[in-house]
DNA sequence: AGTCGAGCCTGCTGGC
DNA sequence: TGCCAGCAGGCTCGAC
């Protein structure tokens, strides 16, 4: 499930194939993704070049020479694969064919770099949008909180965002307006690293005056650390995530609590057993002993 | 306004 | 062995 580290891994894989390359051809096998593809999708892309491929939260943003921005989202099950000038019947291509069902190849870009970039998404929760560069800043999808790895994601900022919340810490961290890019996995992992209970009130990150508590300090450090570790590992591959070269990420082997119900809590000296509970309709994994 | 649950969608898993 | 309910979850929308 693509969260920030998986999307960043994908961005790094796509950049050599797409940056400073132009679209030679665009095939849309299916228009009905999470939202329909933009009108005249292929016509608006062909001939344009990608000036920069960046990431904001879980969104990939391709700045185009046409003045538009291509917003791409992997949803739950989306992946990109890059074939570097290979014909579809080479061993490399067959490897990909085995790893992903071709019936879910919805969009194919042929780039002037020689690469073929294919978007595959069985569940079709992903999408692609085209907006003008001027519209991007104001776009509803971009009205989200700070990038967790940026310097301006500080304990002060997190405390301020949570100070007036009545919900629990788990739900607050999944709220993309509080901090952008976290999903179920990395929220569980960060809370365990910070030894904070997912059931704690989010407002306890701030003092009555709105200043950050030590909890907020620990949590911000834990969020940054887990995301950096996960990016270094190429993200987590549970069911869907793959790198653009078809390889799996490896961070799932380093999960402390996610999908580890019944296992020992890895916190040093903690005798706790990882529990799974439901919060807001989602599974939460945590240690009831050290996470207070 | 903030919060929460339903729904979107498909593939995999586990229980009978 | 086969079937089917349940689950996975990022995001939006509607209800309260």
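For residue A:12 and residue A:292, what does the FRET efficiency come to when R0 = 30 Å and r is the distance between their Cβ atoms, rounded to the nearest 0.05? Intermediate values should be presented prior to the final figure.
Numbers: r = 37 Å, r/R0 = 1.23.
Rounded to the nearest 0.05, the efficiency is 0.25.
P(r) for the range A:227-282, from all Cα pairs and a bin width of 5 Å, is 4, 18, 19, 18, 20, 13, 6, 2, 0 %, short bins first. Highest mean packing first, where packing is the average number of other Cβ atoms within 10 Å per residue, the peptides A:70-78, A:25-33 line up as A:70-78, A:25-33.
The Cα trace of chain A gives Rg and Dmax of 20.3, 64 Å, the first to one decimal, the second as a whole number. Here the sum of -39500 (n - 2.57) over DSSP H runs of 4 or more residues, divided by the residues of chain A, equals -7500 deg cm²/dmol at 222 nm, to the nearest 500. Take the Cα radius of gyration of the range A:137-281 and divide it by 2.2 N^0.38 Å, N being the number of residues; the result is 1.07. Model label points for residue A:102 and residue A:156, set 7 angstrom from Cα along the Cα-to-Cβ axis, are 5.7 nm apart. In chain A, the longest principal axis of the Cα atoms and the axis of helix A:4-18 are about 20 degrees apart.
No lab work stands behind these numbers, since they all come straight from the coordinates. For clarity, every value in this text was computed on a predicted model and none was experimentally measured. Heads up, the Cβs are rebuilt from the backbone with ideal geometry, glycines too, and the neighbour counts pull from every protein chain shown.
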